[in-house]
Structure formats: structure tokens, C-alpha cells
Amino acid sequence: MNAKKQTRPSTAGLFGAVEMPALAAVPVALVALAAAGVRATAGLTLMVCALAVVLVLASFESSRPALRQLMPTAVLAALAAAGRVLFAPLPDVKPVSAIAIVAGAALGRRSGFVVGALAALLSNFFFGQGPWTPWQMYAWGLVGYVGGILAERGALDRRWVLYGWGLASGLVYGLILNGYHVLGYVQPLTWQAALAACAASLPLDVTHGVATTGFLAAIWEGWGRAIRRVVEKYDL
């Protein structure tokens, strides 16, 4: 019994220590492998991306959250997935980033990542699964994770930071998915072609960011207050 008690904290600490390096490794691998002209860049970066997602999810699991802690995270992930499906007729107008940011702020960075990642995975049972799924899980998870970090530092108490990250999150999400698209489908791969692909998607990415800011303005106070009440009531 004592050995088990000693193992759990060490495992949680190990996963916690590799969270940020794993998340940072994805853009580093994208740029480094593309710059080096590695032929298998698309496949290798997909592996790095999937590994990063698995490591952060494992970090969340290794913290041994109780059922009462899992429920708010699961509910928000389901709401984010349902919201993405509901707004399917409106390209790039999705509440996923906003809900992931709220989750990260109210429940912690790992919960923010889990909400964003699971929302992408669950909603893709409607939109279709594919090699893009790990990238979407990573991108939306990262949005929630960074939201949690900003909240931990009190930055989201300033509305310009909150809305600024909401707007920037659309660009960050777009940049990550553009990287996947360029590496997987743009041939021949040149910096000019990569920049052209990013420029073509910029209006959509800006729309995504503006929509996220709008969703944050609509749900930040009400949802945040409700989640904090649950957190305080159940001592999460």
C-alpha cells in the first residue's frame, strides 16, 4: 500500500514535468523538420502531435481526479462538441475555443486542455475522423491550456487580456492546422507556398478569433460564476 502511495505522486510529477516540453515540441518539430527538408515531415510531426496530446491527457489522468472533479470537465467537453456541431452551418464560428478557455480558467490548465481535445475528438464523430483529428485536439487543447496558465497568473481578470487571447486563439488554431495542411498536401513544399496557404486562410482564422471573442463575452461571467460555485461547493 505504501509503495502505491509513493508511486502515484511520482508518476503525476513526471507527467506534469513533461507537459509543457511536449506541447512546445509540436511547433518546434513543424518548423525544424520542414526547414531541414525531411521527406517524412508530415508523418513525423503527426506522431509528435499525437504523443503530445497523449502525454497531457495522461498527466490529467495521473493526477487521479475524483468523479466530482471529472464531471464539470466532461460536461464542458460535451457542450463544446455539441456547440461545434450546432454551429456547423457557419464556417469558423465555433464556441469550442471559448469553452476551453473558460474551462482552463475555472478548472485549471489540464482541464482546459482536456475540454478542447475531447471536444475535437467527439465532434469529429459527426464531421469525420482523420489525420487532422490529433491536430485539432492539440490546437483546441492548447487554447484551453494557455487560458488556464493566464488565469493562474491573474491575467484574465483584465478583459483586454481575455478578449486578446480569444482573438489570438483563432490565429493560433489556424496556424497549427495550416502547418498540418501545408506539410501534408502542398507540393512542392516551399516557404512561398506555405505563406500563400497561410494568407489564404487568414480571413477564416480572423473570423474564428472574432467569434471566440464574442462567445467569451457572452459566457464568461455566467458560466464562470456557475463553475466557480461548483468548485467552491465541492472543494475541487
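Could you give each residue of the range 34-49 its phi-based ³J(HN,Hα) in whole Hz, using Karplus coefficients 6.51, -1.76, 1.60 with θ = phi - 60°, and x for Gly or Pro?
5, 5, 7, x, 5, 5, 9, 4, 4, x, 5, 5, 4, 5, 5, 4
For the range 190-229, report the accessible area per residue in Å² (1.4 Å probe, heavy atoms, rounded to an integer).
Values: 2260 Å² over 40 residues.
So the range 190-229 comes to 56 Å² accessible per residue, rounded to a whole number.
Can you run phi through the Karplus equation (6.51, -1.76, 1.60; θ = phi - 60°) for the range 209-222 and list ³J(HN,Hα) in whole Hz, with x for Gly and Pro?
x, 5, 4, 4, 4, x, 5, 4, 4, 7, 10, 4, 5, x
If one computes the Cα centroid of the range 192-236 and of the range 85-129, what distance in Å separates the two points?
So the separation of the two Cα centres works out to 9 Å.
Over all pairs of distinct alpha carbons, what does the Kirkwood formula give as the hydrodynamic radius of the range 65-234, in Å?
On the way: mean 1/r = 0.0623 Å⁻¹.
About 16.0 Å, per the Kirkwood formula over Cα pairs.
Which is farthest toward the positive dipole end of the chain among Ala82, Gly154, Ala50, measuring Cα position about the Cα centre, with Cβ charges +1 (Lys, Arg) and -1 (Asp, Glu)?
Gly154
Over the heavy atoms of Trp223, what accessible area does a 1.4 Å probe trace out, to the nearest 10 Å²?
90 Å²
Find the relative contact order for the chain and round it to a whole percent, using C-alpha pairs within less than 8 Å whose residues are 6+ positions apart.
Values: 329 pairs, mean separation 47.1, N = 236.
Here the relative contact order equals 20 percent.
Taking just the C-alpha trace of the range 96-182, give me its Rg and Dmax in Å.
According to the Cα coordinates of the range 96-182, Rg and Dmax are 12.6, 38 Å.
Label Val18 and Ala217 with points 7 Å out from Cα along Cα→Cβ: what is the distance between them in nm?
With each label point 7 Å from Cα toward Cβ, the separation is 4.3 nm.
Work out the length of the dipole vector of the range 108-236 about its Cα centre, built from +1 on the beta-carbon of each Lys and Arg and -1 on the beta-carbon of each Asp and Glu, and round it to the nearest 20 debye. Write out the running numbers ahead of the final one.
Working: 9 positive and 6 negative charges, 59 e Å.
In total the dipole reaches around 280 debye.
In Å², and per residue, what accessible area does the range 98-151 have when probed at 1.4 Å with the other protein chains present? Each step should come with its number before you reach the end.
Working: 1390 Å² over 54 residues.
Computed with neighbouring chains in place, this is 26 Å² per residue.
What's the extension gain from Lys233 to Leu195 if we count 0.36 nm per residue and subtract their Cα-Cα distance? Could the numbers behind the result be given before it?
Working: separation 38, 0.36 × 38 = 13.68 nm, distance 4.96 nm.
Difference between extended and current length: 8.7 nm.
The values are calculated or read from the model by the stated rules, or taken from the named source; none is laboratory data. Note that this is a predicted model, so its numbers are computed, not measured. Methodologically, a virtual Cβ is constructed for each residue, glycine included, from the backbone with ideal geometry; neighbour enumeration extends over all protein chains shown. These area figures cover heavy atoms from the full protein model, side chains too; ligands, DNA and RNA do not enter into them. Shrake-Rupley method; radii C 1.70, N 1.55, O 1.52, S 1.80 Å.
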